[in-house]
Structures are given as C-alpha cells and as structure tokens.
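Below: the structure, in structure tokens.
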Amino acid sequence: MKIIGLVGWSGSGKTTLIVSLIPVLRSLGLRVSTLKHAHHDFDIDHPGKDSYEHRAAGASEVLVSSSRRWALVHEHNDMAESSLDELLTRLSPTDLVIIEGFKRHEHDKIEIHRKGGRELLAKNDDRIIAVASDEPLNDLNIPNLDLNDVESVADFIVKHCSLKTHGKQ
C-alpha cells in the first residue's frame, strides 16, 4: 500500500484537489483510500440515533453497518490520539492512500499552495517532494506542479509511487 500526503495551510485547496484526484486515479484502475486528520473534535453520529446512544452509554467501539457501507467509531477515552501508522493498519488493502493533514509525519507529501498564500511549508520540510500551486514558483529545488491540471498531478503521484495502472492512460 503506497501513501502520499497532501499538506498546506487551511483554505489552500487540499480537499478540493483530493476530490478531483480520486476519479482520475480510479480511471487508471487504481483503488484509492483517503485518511484525513481533523484538528478539532468531530462526530459522525448524532444524539437520538441508536449508535450514538451506544457510545454515550460507554461502548469503546461502535460499528454501524448497512447494505451500502459500514463505519467504525472508536473512542479514545483517556488514551492518546492514534498515530498515522496505527490508523493506516486499520484500512483495507488498496493501491494508494491519500493522506490529508499529518504534515509533521515522515511520509512523502505534496504541498498545496495558492497565489498570495502563506509561506511555503516546503522550505522547512524535506519530505515535501513537490508543490502544486496556481502560480509558477521560482527557487524551488522540487517540482512545481500546476494545481489546476489534475491529470498532471495524478501522473506525478503515479510515477512517484511507482503505481501500476490498469485503465486508460
């Protein structure tokens, strides 16, 4: 299972790029999963729903299943937040995992940068292997990808991760 991270400041377009990349990568015959880090508390369940009530009653994990999908909610309680490596072991085998966030973890990353945005993270992170931007960037020692050319970003990922494609090329 290969991984690539997309990092950048809030509002730079990480999620937008991921949502555009997934269909392109799938059209190449690749199985793609995503893993997103949230810097805030989040909940996928709501009061009054049975699964929420199970958790509220103290269940450590609640698995909700239907004919279309399943979801596992795991409560940390007093334990530390799970590491990226631990979370990756919970995913089913796939060709590629695109990670949004976890910018301090030691995996290869593409930085998303917008014209007029904050300082480049790549200046202080040698695990950033390319910058996808909506403007040409000078003085980079790494590739500067066109953020608006999703196919070229996908091609870069496929080549960098040595992925074997099976669909149209």
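Things to note:
- Qualifying residue in the stretch 66-85 (condition: surrounded by 16 or more Cβ atoms within 10 Å (Cβ to Cβ) and among the acidic types (D, E)): no
- Of the residues S133, S152, the single one that is free of Cβ contacts under 8 Å to residues at least 60 places away in the same chain, over 26 Å from R31 (Cβ atoms) and among the hydroxyl-bearing types (S, T, Y) is S133.
- Any strands (runs of 3 or more DSSP E) falling wholly within the stretch 45-160 and containing at least 2 residues that are within 24 Å of I22 (Cβ to Cβ), touching a helix residue (DSSP H, G or I) at 6+ places or on another chain (Cβ under 7 Å) and hydrophobic (A, V, I, L, M, F, W, C): 96-100, 128-133
- Number of residues in the stretch 108-123 that are under 14 Å from the mean Cα position of the chain (by Cα) and either at pLDDT below 95 or buried (at least 17 other Cβ atoms within 10 Å of the Cβ) (or both): the value is 4.
- Yes/no for N148 being surrounded by 12 or more Cβ atoms within 10 Å (Cβ to Cβ), of a type in the set (S, T, N, Q) and touching a strand residue (DSSP E or B) at 6+ places or on another chain (Cβ under 8 Å): no
- The set of residues from the stretch 153-165 being at pLDDT 95 or above and surrounded by 14 or more Cβ atoms within 10 Å (Cβ to Cβ) comprises V153, A154, D155, F156, I157, V158, H160, C161, L163.
- Pick from the stretch 27-63, criterion touching an Asp or Glu at 6+ places or on another chain (Cβ under 8 Å) and under 23 Å from E100 (Cβ atoms), ranking: modelled with the lowest pLDDT: H37
The values are calculated or read from the model by the stated rules, or taken from the named source; none is laboratory data. Being a predicted model, the structure only gives us computed values, none of them experimental. Positions of Cβ are generated from backbone atoms using ideal geometry, with glycine treated the same way; all protein chains shown enter the neighbour counts.
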